[in-house]
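The values are calculated or read from the model by the stated rules, or taken from the named source; none is laboratory data. These figures come from a predicted structure and were not determined experimentally. Using ideal geometry, Cβ is built from the backbone for each residue, glycine included, and neighbour counts are taken over all protein chains shown.
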Amino acid sequence: MTAEEQARADIVEVGRRLWERGYVASNDGNISVRLDEHRLITTPKSVSKGFMTPDMMVITDLDGRKIAGQRDPSSELKMHLEVYRNRPDARAVVHAHPPTATGFAVAGIPLDRPVLAEVITTLGSIPIAEYATPSTEELPAAVRKYVKAHDGLLLANHGALAVGPDVMSAYYRMETIEHFAKISLVARTLGREHLLSRDEVERLQGLRGMYGIASPAPICAEDSIQATAGQLDCQVLQAPDSRERLVPSNVESVRNISAPAVAMGSSAPSEAEIRLTYRELTALIEDALRALK
Ligand SMILES: [Zn+2]
């Protein structure tokens, strides 16, 4: 199978999964793969992503001009082109409207609280790109601000975008975004959210290299939460300093197990911090790595 044939088959499979999981309705969503320095292959407009065949795909240049294919690319391809222009490492982009993550995007609530170790190690923060009219040049401009430093984005009042080194990885990131949104919704409905401290976040980020996860960007220095007009080169995470919590919590249920093997600089466990054992953390990271493969 040539790389192009493989890309066609993978795009069909990813489309099927997006539809099956209810991440798209009707003809929503689009998927693209960078074939080489000059070409990408993408889903056609006006078809359900759940029922595509490999021959339906469109090949374009990196300005979105059609090179081959019976059909036309989606007007949302502009957003994909913006990702490829800004991220030489990106080989695939998946865009969908998964309902829970899109609900956060509609509510204007970014997924930027550090609560799940595997999300911190893989995606980090998932910000919201400002509202832009779909299919216009506004959308790439909104994406441009965040795409250098993030592999997963919410699009205000629209949906979500995931970037990866191959199309299955980009798809799995979309799954992670939606799964994280569901868990966040449940925790907030229950009225409590124990946030990992900045120290814990930094420790988890330190493990990315060890497990071969290319981190999209470091966490922004405290209080540098930008009024940046340009591109962000770091991620905003609402990690509290040591004992502070964004959401007040009772501490009786907080696990308080020390994890010396994990610590790169070990600090004494404080009562309000969530501590994971080395085994728990390893299991979480292994799950995340499996998901990325
Ligand atoms: Zn869309």
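For the stretch 148-172, residues that are closer than 28 Å to ALA3 by Cα and within 16 Å of the ligand (Cβ to nearest atom) total 8.
Among residues of the stretch 124-135 being polar (S, T, N, Q) and touching a residue at least 24 places away in the same chain (Cβ under 8 Å), the one that is nearest to the ligand (Cβ to nearest atom) is SER135.
Let's see how each residue does on (1) buried (at least 19 other Cβ atoms within 10 Å of the Cβ); (2) within 20 Å of SER74 (Cβ to Cβ); (3) of a type in the set (D, E, K, R):
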residue	(1), (2), (3)
ILE128	yes, no, no
GLU137	no, yes, yes
VAL143	yes, yes, no
ASN157	no, yes, no
LEU161	yes, yes, no
GLY164	yes, yes, no
HIS179	no, no, no
ALA187	no, no, no
LEU190	no, no, no
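Selection of the stretch 88-101 for residues being under 22 Å from LEU155 (Cβ atoms), more than 16 Å from the ligand (Cβ to nearest atom) and part of a loop (DSSP other than H, G, I, E, B) yields ASP89, ALA90, ARG91. Of all residues in the stretch 49-69, one or more are in contact with a Gly (Cβ under 9 Å, 6 or more places away or on another chain), at pLDDT 95 or above and within 16 Å of the ligand (Cβ to nearest atom).
Checking the stated criteria, GLY29 turns out to be surrounded by 15 or more Cβ atoms within 10 Å (Cβ to Cβ), within 16 Å of the ligand (Cβ to nearest atom) and closer than 21 Å to ARG144 by Cα.
Of the residues making up the stretch 76-87, none is exposed (fewer than 14 other Cβ atoms within 10 Å of the Cβ), farther than 14 Å from GLY159 by Cα and away from the ligand (no atom under 16 Å from the Cβ). Sub-7 Å Cβ pairs linking a first residue in the stretch 76-101 that is of a type in the set (A, V, I, L, M, F, W, C) to a second residue that is at pLDDT below 95 and within 11 Å of the ligand (Cβ to nearest atom), at least 6 apart or interchain, are MET79/LEU139, ordered by first then second residue. Filtering the stretch 49-69 to residues that are over 23 Å from the mean Cα position of the chain (by Cα), surrounded by fewer than 23 Cβ atoms within 10 Å (Cβ to Cβ) and under 17 Å from VAL14 (Cα atoms) leaves PHE51, MET52, THR53, PRO54, ASP55, MET56, VAL58.
Of all residues in the stretch 115-126, those being crowded, with 22+ Cβ neighbours inside 10 Å and assigned to a loop (DSSP other than H, G, I, E, B) number 3.
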